[in-house]
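The values are calculated or read from the model by the stated rules, or taken from the named source; none is laboratory data. These figures come from a predicted structure and were not determined experimentally. Cβ atoms come from the backbone with ideal geometry, glycine included; neighbour counts cover every protein chain shown. To get the accessible areas, we keep the full protein, side chains included, count just its heavy atoms, and leave off ligands, DNA and RNA. Shrake-Rupley method; radii C 1.70, N 1.55, O 1.52, S 1.80 Å.
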Amino acid sequence: MRIVFIILLLLHAFIHLMGFFKAFELLKIEQLSQSISRPIGLLWLFTAILFICSALAYLLKKDIWFLMAITAVVLSQILIVLFWKDAKFGTLANLIILLVGITAYGHFKFKNKVKTEASELLESALLENPSFITKKDIEHLPRIVQKWMEHSRALGKPRTTSVRLRQKGEMKTKPDGNWMPFSAEQYFNTRNPSFVWITKVDAMPLIYMDGRDKLKKGQGEMLIKLLSWFPVVDEGKNEKINSGSMQRYLAEMCWFPSAATENYVSWETIGKHSAKAIMTIDGKQVSGIFTFSEEGDFVSFETQRYFGGGEAAKLEIWFIEAKDYKVFNGIKIPHKCKVTWKLKEGDFNWLNLEITDLEYNHTELWQK
């Protein structure tokens, strides 16, 4: 669809060049019956150049493209009104370009807002000389958790204070729904347990959703906007969202194992291969069961989590299982995971994700 839109911009630009050619008598343009003065002809040329520049910026994925395109549409429509008899059909192209441009502007605003939140989160995680994880740091942990720390190679590495990662995958909103591809960035502060997750979900051709999940000081927020403008979900700072966001952070510690030694996490042995993690932030507490392989690989995480954030939401089993492993920055983590709600009517596998990039102790946001 990107190519189709670029072609539309360039064709619309070419049509505007016809007004310039007519005004300066460079070509015989029979499609334009009305006379065009040279000053107005220059305006046709300038509008065409704006459409061409916006097409190039769109091709190169530069945010400025929609500013040029919207400006070009305004000028174009003024010219179309002046020469309505010959140019009225250009209104349809302007309408399409305007809708795409306004949507892009909404995405730009949304992205800037949430990236500001992520920047603030990373800034407070800054620690110039983090300590290294030693055997003494893990000796109080259940034996299987110690084994995980050793097998993941977190032992002897600098303590993680911040994490930035990129994801891709697929999700669906109901058991019989269609899978929707998504891409995401996520930022963690492990000193003050918090995260910002930023995603774009392709719901169907030409239709997408921007999303942001957030945890800060034990309070969670969830925001989803259709086409970057229309709120679909806007929930936060209630018991169900707060606990769910904390449980998500607890589960995702499998991507930064050194957090298992932080003072906001305590552990209880459950069995040979399982341990219960209890996370406490500002008096709020959640827990979940981590299961590991004999070798010490993370296998799964399970907890009772609210299925939704509304008043009718009930506790259900939320289950994450590792599907594959990869080493990032010297630490082995589950980079492919399957997330399932174990409902009374049957399992609802709603999310499959893959981590494509991950870095520890960086306080800069990902760039394009």
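Which residues, counting only those in segment 105-153, are open to solvent by 70 Å² or more (accessible area, probe 1.4 Å), within 27 Å of LYS214 (Cβ to Cβ) and not in a helix (DSSP H, G or I)? Passing the criteria: LEU126, LEU127, GLU128. Residues in segment 63-80: is at least one touching a strand residue (DSSP E or B) at 6+ places or on another chain (Cβ under 7 Å), of a type outside the set (Val, Ile, Thr) and either part of a loop (DSSP other than H, G, I, E, B) or within 21 Å of SER228 (Cα to Cα) (or both)? So far as segment 63-80 goes, no, none of its residues is touching a strand residue (DSSP E or B) at 6+ places or on another chain (Cβ under 7 Å), of a type outside the set (Val, Ile, Thr) and either part of a loop (DSSP other than H, G, I, E, B) or within 21 Å of SER228 (Cα to Cα) (or both). Whenever a residue of segment 184-205 is over 27 Å from LEU127 (Cα atoms), it has no partner that is surrounded by fewer than 20 Cβ atoms within 10 Å (Cβ to Cβ) and among the basic types (Lys, Arg) lying with C-beta atoms less than 7 angstrom away and at least six residues away or across chains. Considering each residue of segment 271-321, count those that are free of Cβ contacts under 8 Å to residues at least 24 places away in the same chain, closer than 18 Å to PHE256 by Cα and small (Gly, Ala, Ser), and give that number. Of the residues in segment 271-321, 2 are free of Cβ contacts under 8 Å to residues at least 24 places away in the same chain, closer than 18 Å to PHE256 by Cα and small (Gly, Ala, Ser).
For segment 1-57, name all the residues that are aromatic (Phe, Trp, Tyr) and open to solvent by less than 30 Å² (accessible area, probe 1.4 Å). So that I can check it myself, show each step before the final result.
Our first condition is that a residue be aromatic (Phe, Trp, Tyr); within segment 1-57, this holds for 5, 14, 20-21, 24, 44, 46, 51.
PHE5, TRP44, PHE51 - these are the residues of segment 1-57 that are aromatic (Phe, Trp, Tyr) and open to solvent by less than 30 Å² (accessible area, probe 1.4 Å).
Could you count how many residues in segment 74-104 are open to solvent by less than 90 Å² (accessible area, probe 1.4 Å) and either within 21 Å of the chain's Cα centre (by Cα) or not aliphatic (A, V, I, L, M) (or both)? Quick ask: steps written out before the conclusion?
Step one: list which residues in segment 74-104 are open to solvent by less than 90 Å² (accessible area, probe 1.4 Å), which gives 74-80, 83, 86-88, 90-91, 93-94, 96-98, 100-104.
Still in the running and either within 21 Å of the chain's Cα centre (by Cα) or not aliphatic (A, V, I, L, M) (or both): 76-77, 83, 86, 88, 90-91, 94, 100-104.
Within segment 74-104, residues that are open to solvent by less than 90 Å² (accessible area, probe 1.4 Å) and either within 21 Å of the chain's Cα centre (by Cα) or not aliphatic (A, V, I, L, M) (or both) number 13.
Summed over segment 154-178, the residues that are part of a strand (DSSP E or B) and of a type outside the set (Lys, Arg) give a count of 8. The set of residues in segment 67-123 that are of a type in the set (Gly, Ala, Ser) and over 29 Å from TRP366 (Cα atoms) comprises ALA72, SER76, ALA87, GLY90, ALA93. The residues of segment 300-321 that are assigned to a strand (DSSP E or B) and open to solvent by 20 Å² or more (accessible area, probe 1.4 Å), listed by number, are GLU302, GLN304, ARG305, TYR306, LEU315, GLU316, ILE317, PHE319, GLU321. Reported count of residues in segment 196-212, each being in contact with a Ser or Thr (Cβ under 8 Å, 6 or more places away or on another chain) and under 16 Å from THR116 (Cβ atoms), is 2.
Filter segment 322-332 for residues that are part of a loop (DSSP other than H, G, I, E, B) and either over 20 Å from SER258 (Cα atoms) or out of contact with any strand residue (DSSP E or B) (no Cβ under 6 Å at 6 or more places or on another chain) (or both) and give the result.
We begin by selecting, within segment 322-332, every residue part of a loop (DSSP other than H, G, I, E, B); these are 329-330.
GLY330, the sole residue that qualifies.
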